[in-house]
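This report concerns only the one structure given below.
The values are calculated or read from the model by the stated rules, or taken from the named source; none is laboratory data. Fair warning: this is a prediction, and the values are worked out from it, not measured in the lab. Note: ideal-geometry Cβ built from the backbone for every residue, glycine included; neighbour counts use all protein chains shown. The area values use the complete protein model at the heavy-atom level, side chains included, leaving out ligands, DNA and RNA. Shrake-Rupley method; radii C 1.70, N 1.55, O 1.52, S 1.80 Å.
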Amino acid sequence: PARATPPPQERDEHEHLNLVFIGHVDAGKSTFCGQILYQTGQVDARTIEKYEKDAKEKNRDSWFLAFIMDTNEEERARGKTIEVGRAHFETTSKRYTILDAPGHKNYVPNMIAGACQADVGVLVISARKGEFETGFDRGGQTREHALLAKTLGVRMLVIVINKMDDPTVEWSQARFEECRDKLTPFLKTCGYNTKKDVVFIPISAYTAGNIMKRVPETAPWWDGPCFLETLDSLPTCERNRTAALRLPILSKYKDLGTVVEGKVEQGTVSVGDKLCIMPNRTPVEVLNVWLDQDEVSYLVGGENARVKLKDVSDDDIQAGYLLCPRGAAACPAVRKFEAQLAIVELLDHKSIFSAGYTAVLHVHAAAEECSVMRLTASIDKKTGARSKKAPMFVKSGAVITCIIELEQPVCCETFEVCPQLGRFTLRDEGRTIGIGKILGFVPDE
């Protein structure tokens, strides 16, 4: 018999937000995450002492806070985050999951996996003389990360200008404003509404300045909130609980059965639900559901899920597959669609974009080889009007509509139906070439 839905007081109804920490290598992301966990009491002083000792032995005295997030030895030895670190903390009004994404450009696919789970992006910028410039220049990761965050559905950006305590900065208001004013026009081109969706804050991750407490003594000019106050005051997310379930699978493992992990993009998943895994239409049943470490009876849109499934082996599941209802409400799996695409950056040897271009398409947790079949129109960036004639080719900076064909069917939705499953990124040779949204599906001939 179907179990009655348990009363909701079984679980913490505080709003839950996923924060992804992104930015250029060495901007201080891991140190900042470590400091938040230390300040909110998630890590005790004894552990911190041990990390200080480990860091000294590696001649990396200032990195001990990063060790809280960078747990594997390779990361510690090289001082680079590789995997997406994950941790939790809460304030009086909200629960948070921290996703500490790698900054190095070799690990952008890992960063994409981190960002596609996030609601809010924390873009960490170094104010240190020279470092801000390196991160923001053409080869730096700052631009690519901000752009990817937007495509992957991160709707708000908190831009943290870090290292304000550095001797080259000394909490200078002028330096803070210079960084802010240089970033703002770029963020507008990514599609952020800089008045509503973007907040700038000065901090020092190393000294904990302006993270939990404001710093009137070092920065008398700053009359805004500290970092945690900013997070608590962000507007609530629209969670779309009543829509058909869409849960892209990020990873899977065996644990007395098959467990999948991912973020519920919309809808609700409850124990006992009879669902299917697309694109293979494998029927499954939900045995257990976890939120963070706690077993709960259901999860809703926006939450990071771990779900144990019955009737399926983990060999039949791949990252990028999707958990959804059976029958008519199942998620479409398509091979061809029409998209609106903004060409961000073309590689030097491919300075034009035309039919036949091949790349890797990243949509939610899936990555699949694809090729551009034909360009259908170019779009005027100022008016949004489509050209009557299809262009033969375009250059960097253009916005077009085109038909894209995938090697294998991928689960997605049109941007209008479900924006999280309708936006994608095209990458080629380790760089982001374009960002786009799916306008409609094209039936196979």
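Simple rule: put +1 on each Lys or Arg Cβ and -1 on each Asp or Glu Cβ in region 283-379, find the dipole, and look at M373, V307, L291; the Cα lying farthest toward the positive end is M373.
Neighbours of N280 by Cβ distance under 14 Å: Lys/Arg scored +1, Asp/Glu scored -1, total -1.
Rounded to the nearest 20, the Cβ-based charge dipole of region 196-320 about its Cα centre (Lys and Arg +1, Asp and Glu -1) stands at 220 debye.
Highest average first, the peptides 285-294, 156-165 ordered by how many other beta carbon atoms sit within 10 Å of their residues are 156-165, 285-294. Charges were assigned to the Cβ only: +1 to each Lys and Arg, -1 to each Asp and Glu. The resulting dipole of region 128-270 about its Cα centre is roughly 620 debye.
Convex hull volume of the Cα atoms of region 244-371, normalised per residue: 138 Å³. When Rg and Dmax are taken over the Cα atoms of region 314-378, they come to 15.4, 47 Å.
Ordered by solvent-accessible area of protein heavy atoms (1.4 Å probe), largest first, the residues K389, K308 come out as K389, K308. Only lysines eight or more places from K350 in sequence, or on another chain, were considered; those with a Cα closer than 19 Å are K395.
Taking each of K336/K437; K163/K213; K188/K382; K50/K213; K94/K188; K163/K196 in turn, the alpha-carbon distance tops 21 angstrom for K50/K213; K94/K188; K163/K196.
A 1.4 Å probe over all protein chains sorts F89, F393 by accessible area into F393, F89, starting with the largest.
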